[in-house]
Amino acid sequence: MIEKVKETVAFLRENGFDHPELGIILGTGLGALTAHIEVIKEIGYDEIPHFPIATVEFHKGKLIYGKLEGKWVIAMSGRFHYYEGYSMIEVVFPVRVMKFLGIQKLLVSNAAGCMNLSWKKGELMLIDDHINLQPDNPLRGKQAADFGPIFTDLSTPYDAEMNKLMKNLATKENIPLHEGVYVAVSGPHLETRAEYRYLRNIGADVVGMSTVPEVIAANQLGLPVSAVSVLTDECDPDNLHPVDINDIISTAQKAEKHLVALFKEVIKNL
Ligand code: HPA
């Protein structure tokens, strides 16, 4: 696996992705930040050696290299989800590649269902901690030993300094930002009432189908990471309404201006 990572890194370097400082993974419906990047180069995932083969959702997935708020960034417009059929090793492949390309920090966003009933859809939550309920793990198997300790410490999976900066800048910019626990499930279906009740009872504020594998891989690589969820639907097990994935995507897009403002401010100050 490490050979594949190195080959992909060599390809991207040859194609001008030479000195990225920061990686950004943008969640479902959350691509607007890319419009603010002074793009030097962008390459479709299907043209990058060893990148997972695109599914329908990712026909337009691409890696963007350029300058944002004075920093050299690589942004993933579109990520790989476990529910699309990728292995966990494929899901985290781009994180390993970005780290080997030289990024020093990683910013992640996602869309999540909100089980904390004092919060509202359209709001943002900084992830302080997570619970992993996905059925596989990117650190499983022999391949993982090349990327760091397989018994990776996850006592502070989200970087304390980056999270502090997020909170300070959110306050300064008047952007409401909750802080809480994200639980990752495999999906792709949404949860039953009993499952939302269970997920809330085990200590999660929000639920989603991504982010945790990438965060685990980043921690193994010693790469500081910070992640923000956009709350796209309210998941009250005692008053649950059917939700459509299109509603989730349109709520994500409406809430996105706050996320874009926060990420830009954080990138400027990192
Ligand atoms: N459950 C799981 N993933 C999600 C949800 C949800 O309710 N909303 C957005 N992503």
Among the residues of the range 162-190, write down those that are crowded, with 18+ Cβ neighbours inside 10 Å and either free of Cβ contacts under 8 Å to residues at least 60 places away in the same chain or touching a Cys at 6+ places or on another chain (Cβ under 7 Å) (or both).
V181, V183, A184, V185
Would a scan of the range 125-147 turn up a residue that is within 18 Å of P157 (Cα to Cα), within 15 Å of the ligand (Cβ to nearest atom) and part of a loop (DSSP other than H, G, I, E, B)?
yes
Which one is nearest to the ligand (Cβ to nearest atom), of the residues in the range 102-118 that are of a type outside the set (A, V, I, L, M, F, W, C) and on the phi < 0 side of the Ramachandran plot?
G113
Positions within the range 193-224 being within 13 Å of the ligand (Cβ to nearest atom), among the aliphatic types (A, V, I, L, M) and out of contact with any His (no Cβ under 7 Å at 6 or more places or on another chain), in sequence order:
L199, A204, V206, V207
Could you run through the range 226-270 and say how many residues are among the acidic types (D, E), touching a helix residue (DSSP H, G or I) at 6+ places or on another chain (Cβ under 9 Å) and in a helix (DSSP H, G or I)?
2
For T28: the one exception among (1) among the β-branched types (V, I, T); (2) buried (at least 20 other Cβ atoms within 10 Å of the Cβ); (3) modelled with pLDDT under 95; (4) away from the ligand (no atom under 16 Å from the Cβ):
(4)
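The values are calculated or read from the model by the stated rules, or taken from the named source; none is laboratory data. Since we're looking at a predicted model, the values are computed, not measured. When we count neighbours, we look across all protein chains shown, and the Cβ atoms used for this are built from the backbone with ideal geometry, even at glycine.
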